[in-house]
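Take a look at the structure set out below.
The values are calculated or read from the model by the stated rules, or taken from the named source; none is laboratory data. Because the structure is predicted, anything quoted here is derived from the model rather than measured. Glycine also receives a Cβ, built like all others from the backbone with ideal geometry; neighbour counts cover every protein chain displayed. The area values use the complete protein model at the heavy-atom level, side chains included, leaving out ligands, DNA and RNA. Shrake-Rupley method; radii C 1.70, N 1.55, O 1.52, S 1.80 Å.
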Amino acid sequence: MKVLIRTDASVTIGSGHVMRCLTIAGELRGKGHNVMFAMRDLPGHLAQVVENAGFQTYLLSAEEDGKHLLEDGSYNLCMIDHYIIDYKWEETIRPLVKKIVVIDDLANRMHDCDMLIDQNVVPDFKTRYDALVPAHCEKLLGPSYLIMRKEFIKERINLRSRTGKMHRLLVFMGGTDPTGETMKVLNALSQGRTSFEHVDVVVGSGNLDKKTIQRICEEEGVFYHCQIDYLAALMVLADFSIGAGGSTTWERCYVGLPSSSTIVAENQLESTEMAASLGAIWNLGWHEQVTEQTYERLLISLKDRQDELKKMSISGFELTNNPSGPNLWIDRILSMG
């Protein structure tokens with residue numbers, strides 16, 4: 001099977017779309033299928049990351065929409081993970097490709113697709129796409145269809161029981177961190193009112209402040225990591241994580257890591273609030289209201305909240321548990337032919 005993935009990353013869009021598509025692409029390649037990415041040439045596009053993973057990448061100019069890549073009729077499947085693309089473009093490629101798969105988590109526009117995947121847990125996740133996709137569309141919805149990298153699946157198998165004690169802290173605010181949350185946390189840590197034996201700070205290559213963050217980490221004795229492929233291992237070692245909303249919320253839950261989430265984009269609101277209502281995370285709210293002092297108060301409070309942290313670890317783990325196994329979506333995609 002020949003697959004084209006249409007997605008984008010940038011300093012403003014972030015890296016989440018591309019990273020979850022890389023997970024899907026890796027699974028497809030492992031089954032013997034040929035995958036190509038089509039991405040717009042934007043600042044922070046991550047094409048090099050995709051190519052380093054072994055996938056051919058076509059950088060689209062401002063005038064190109066990617067349709068021309070499908071015109072030879074050789075592609076079996078087009079996968080789309082993009083908040084701007086909807087049924088209008090999907091209808092134009094319908095005659096050129098056998099099947100169309102959409103990955104979404106907004107449910108705010110119509111799609112012409114044969115399958116839709118949304119791994120998020122929100123109050124109406126089972127029904128909110130009913131009026132937005134064709135009747136024949138297969139909908140893979142909720143945590144049963146988490147798009148989880150192999151590193152997380154491997155780490156989950158032999159997880160340690162968490163005690164709620166605080167020795168290691170992990171800070172990861174997403175690939176680009178456009179609202180500067182990492183700097184806020186580092187400033188909170190620099191006040192010296194909290195003590196951790198080990199602190200890991202992770203940034204993506206698209207983070208515009210990465211050099212400043214690296215310098216501060218070196219000065220403060222904090223371990224700095226950029227664009228890594230071992231995030232799951234750091235999560236397993238950590239006792240608590242400060243993070244953003246989005247797909248990494250479910251990754252933290254998947255390995256039972258207690259965490260806080262700061263909402264840095266509109267698309268993170270519902271899933272963050274839902275995860276918090278289920279006891280899987282602490283929701284700190286919108287980034288505009290979250291300050292250095294917010295993070296400092298949170299960090300200081302951790303030592304007195306061991307029971308809460310243990311319960312959070314169990315809630316997150318159970319929320320993402322699927323007796324049928326991980327990445328169920330891959331077999332469903334392959335069954336499309």
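If amide H atoms are built 1.01 Å from N in the plane of the peptide, which residues on other chains or at least 5 residues away come under 5 Å of the amide H of ALA9?
It is ARG40, by chain and number.
Leaving out ligands and nucleic acids, note down the accessible area per residue over region 55-108 with a 1.4 angstrom probe, in whole Å². It would help to have the intermediate numbers written out before the result.
Details: 2520 Å² over 54 residues.
For region 55-108, the solvent-accessible area averages 47 Å² per residue.
Expressed as a rounded percentage, what relative contact order does region 58-217 have, with Cα pairs under 8 Å and six or more residues apart?
The value is 14 percent.
Ratio of Rg to Rh for region 90-194, alpha carbon only, Kirkwood?
Numbers: Rg = 20.2 Å, Rh = 17.9 Å.
Across region 90-194, the Cα-based Rg/Rh ratio is 1.13.
Have a look at SER161, MET173, LEU146 and report the one farthest towards the positive end of the charge dipole of region 138-178, computed about the Cα centre with Cβ charges (Lys/Arg +1, Asp/Glu -1).
The listed residue farthest towards the positive side: SER161.
At 1.4 Å probe radius, can you tell me the per residue accessible area of region 3-48 in Å²? Don't skip to the end; give the middle numbers.
On the way: 1520 Å² over 46 residues.
The answer is 33 Å² per residue.
Quote the charge dipole size of the chain about the Cα centre in Debye, to the nearest 20; the model charges only the Cβ of Lys and Arg (+1) and of Asp and Glu (-1). Can you show the working numbers first?
Numbers: 35 positive and 45 negative charges, 201 e Å.
For this selection, approximately 960 debye.
Is the C-alpha gyration tensor of region 248-299 telling us rounded, prolate or oblate? Criteria: a/c under 1.5 is rounded; beyond that, a/b larger than b/c is prolate, otherwise oblate. It would help to have the intermediate numbers written out before the result.
Values: a/c = 2.04, a/b = 1.27, b/c = 1.60.
Taking the square roots of the gyration eigenvalues as a ≥ b ≥ c, region 248-299 is oblate.
Mind ranking HIS82, HIS68 by accessible surface for me, highest first, 1.4 Å probe?
Values: HIS82 25, HIS68 75 Å².
Greatest to least solvent exposure: HIS68, HIS82.
Quote the relative contact order of region 145-223 in percent (integer), defining contacts as alpha-carbon pairs under 8 Å separated by 6+ residues.
Relative contact order of region 145-223: 33 percent.
If you roll a 1.4 Å probe over the heavy atoms of the protein chains, what accessible area per residue do you get for region 121-184, in Å²?
Working: 3000 Å² over 64 residues.
I get 47 Å² per residue for region 121-184.
Tell me the label only: which of (i) 5, 22, 27, 18, 10, 5, 4, 3, 3, 2, 1, 1, 0; (ii) 6, 28, 38, 24, 3, 0; (iii) 5, 26, 34, 23, 10, 2, 0 is P(r) over Cα pairs in 10 Å bins from 0, in percent as calculated from this structure?
Step by step, P(r) over Cα pairs in 10 Å bins from 0, in percent for this structure corresponds to label (iii).
Just want the answer: with Cβ charges of +1 for Lys and Arg and -1 for Asp and Glu, which residue in HIS82, GLY66, ILE93 is farthest toward the dipole's positive end in region 59-109?
Farthest towards the positive end: ILE93.
Along region 53-66, what does the Karplus equation 6.51 cos²θ - 1.76 cosθ + 1.60 (θ = phi - 60°) give for ³J(HN,Hα), rounded to whole Hz, x for Gly and Pro?
Per-residue couplings from phi come out as 7, x, 10, 5, 10, 10, 8, 7, 7, 4, 8, 9, 10, x Hz.
With a ≥ b ≥ c taken as the square roots of the eigenvalues of the C-alpha gyration tensor of region 8-87, please select rounded if a/c is under 1.5 and otherwise prolate if a/b is larger than b/c or oblate if it is not? Intermediate values should be presented prior to the final figure.
Numbers: a/c = 1.59, a/b = 1.12, b/c = 1.41.
The shape class here is oblate.
Which whole-number percentage describes the relative contact order of the chain, with Cα contacts under 8 Å and a sequence gap of 6 or more?
Details: 633 pairs, mean separation 53.7, N = 337.
Relative contact order, the chain: 16 percent.
Under the classification rounded if a/c is under 1.5, otherwise prolate if a/b is larger than b/c and oblate if not, where does region 1-155 fall, given a ≥ b ≥ c as square roots of the Cα gyration tensor eigenvalues? Don't skip to the end; give the middle numbers.
Details: a/c = 1.38, a/b = 1.12, b/c = 1.24.
In terms of gyration-tensor shape, rounded.
Carbon-plus-sulfur fraction of the accessible area of the chain, 1.4 Å probe, in percent?
Working: 7270 of 14530 Å².
About 50 percent, which is the carbon plus sulfur part of the accessible surface.
What is the projected area of the convex hull of the Cα atoms of region 209-256, averaged over all directions, in nm²?
Details: hull surface 15.7 nm².
The directionally averaged projection comes out at 3.9 nm².
Which one of GLY54, GLY44, GLY316 has the biggest mean-square fluctuation once the chain is modelled by GNM with Cα springs under 10 Å?
With Cα springs under 10 Å in the chain, the top fluctuation among GLY54, GLY44, GLY316 is at GLY54.
What list of ³J(HN,Hα) values in whole Hz, one per residue of region 249-254 in order, does the Karplus curve 6.51 cos²θ - 1.76 cosθ + 1.60 (θ = phi - 60°) give from phi, with Gly and Pro shown as x?
Calculated HN-Hα couplings, in order: 4, 6, 5, 5, 4, 4 Hz.
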